[in-house]
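Just so it is clear, none of the values below were taken in a lab; they were calculated from the coordinates. All figures in this text were calculated on a predicted structure; none of them were measured in a lab. A quick note on method: Cβ atoms are made from the backbone with ideal geometry, for glycine too, and the neighbour counts reach across all protein chains shown.
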């Protein structure tokens, strides 16, 4: 294990930025913290408990170009737009978000493999940040996630005046070797003490005892027909906020944009199953009511995904939907209601 003083963190950032494009939790002009490129004038907020959005954008951008169609007379040329092969380092990834990448892998790296996602995943190194101050909306423990030990190439912890550093994978070891004298060898006593404190905090949170019902995916029809959807869905505003802040949501749309008479750009962008025009077809949307769209989101998270992925839920307990929903609807409330009334 290594450490570096907080006062010397700019040296670490500069060294990492020299190796690859560096993304860090940074405070924007609105005071919110999100991942942004390191550079002059950025306000790094490494100690922020949770970014407004996860680093999902690194692998699955909100908008990305796929193809360009160019016409010259009677000739049609198709040019694929592949992601840059630039190396990227993402530092400050929390354990919940780190787990979410594994869930996205099951979607985008399964046959047929998404070549855009795969290319970005291959060129990215993740540096995790162990939690020391979990928020009241956190419930990552419900999925067996260790908040103090992110599943990343390198794990780090902020303890008092130092940042502690531990390489986990071969990629992490290689990066650590390149940093040389910037890092100082040390013991792990301070980190272990912080982990114990974090565990104590987690045990005192409002959702400390919350667990998802593992049998939901075994009772698909009963859950689908539950009266819960009629009782809860009317409050939903269909604003789609929950889907856009969720680190595991991966719905997207593909559209063509006519740049000029001879040039058309095909791109994809995030979409939401909560939107009324989602998967709209020639005959209309197959889920015409808010209840059907609301049900689809939570059936996928709690039933369909675990049924197809050995019981793994499409949720990591980051708590962003608890924080952001304007009418206090979230996956915890839905799961609790289903557990009690799935057969009603």
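Quick check on the chain: helices-only [θ] at 222 nm, where DSSP H runs of length 4 and up contribute -39,500 (n - 2.57) each and the sum goes over total residues. Nearest 500, please. Before the final figure, lay out the partial values.
Values: 13 runs with 108 residues, N = 344.
Calculated at 222 nm, the ellipticity per residue is -8500 deg cm²/dmol.
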### Task
Could you estimate the translational diffusion coefficient of the stretch 3-82 from the Stokes-Einstein equation, with Rh from the Kirkwood formula over C-alpha pairs, at 37 °C and 0.692 mPa s, in whole µm²/s?
210
### Task
Report the FRET efficiency, 1/(1 + (r/R0)^6), for residue 177 and residue 255, where r is their Cβ-Cβ distance and R0 is 41 Å, rounded to 0.05.
0.35
### Summary
Exposure-ranked with fewest Cβ neighbours within 10 Å first, 201, 4 stand as 201, 4
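Take every Cα pair under 8 Å in the stretch 2-204 that's 6+ residues apart, average their separations, divide by the length, and report that relative contact order as a whole percent. Provide the component values of the computation, followed by the final result.
On the way: 312 pairs, mean separation 46.2, N = 203.
The normalised contact order for the stretch 2-204 reaches 23 percent.
If each residue of separation counts as 0.36 nm, what is the full-extension length gain between residue 29 and residue 288 once their alpha-carbon separation is subtracted? Before the final figure, lay out the partial values.
Values: separation 259, 0.36 × 259 = 93.24 nm, distance 3.92 nm.
Result for the pair: 89.3 nm of gain on full extension.
To make sure I understand, if each residue's beta carbon is the centre and we count other beta carbons within 10 Å, what order do 269, 318 fall in, fewest to most? Numbers along the way, then the final one.
Values: 269 12, 318 27.
Fewest-to-most Cβ neighbours within 10 Å comes out as 269, 318.
Hey, with R₀ at 35 Å, roughly what FRET efficiency would residue 262 and residue 19 work out to, going by the Cβ-Cβ distance, to 0.05? Intermediate values should be presented prior to the final figure.
Details: r = 41 Å, r/R0 = 1.18.
E between residue 262 and residue 19, to the nearest 0.05, is 0.25.
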### Message
Mean-square fluctuation check for the chain, GNM, Cα pairs under 10 Å: which of 251, 131, 96 is largest?
### Response
251
## Note on the structure
Reviewing (1) 21, 48, 29, 2; (2) 27, 54, 18, 1; (3) 29, 55, 13, 2, 0, the figure for P(r) over Cα pairs in 20 Å bins from 0, in percent actually calculated from this model sits under (2)
### Task
Residues in the stretch 15-50, backbone N under 19 Å from the label point at residue 63 (7 Å along the Cα-to-beta-carbon vector): list them, ranges by number please.
35-37
### Task
Between the alpha-carbon centers of the stretch 203-262 and the stretch 141-199, tell me the distance in whole angstrom.
32
### Message
At 7 Å along Cα-to-Cβ for each site, give me the label-to-label distance between residue 208 and residue 81 in nm.
### Response
5.0
### Query
What is the pair-distance distribution P(r) of the stretch 2-204, computed from all Cα-Cα distances in 10 Å bins starting at 0, with each bin given as a whole percent?
8, 32, 34, 17, 6, 3, 1, 0
## Note on the structure
In nanometres, the difference between 0.36 nm per residue of separation and the alpha-carbon distance of residue 115 and residue 221 is 34.7 nm
### Query
Ranking 227, 195 by Cβ neighbours within 10 Å, fewest first, what do you get?
227, 195
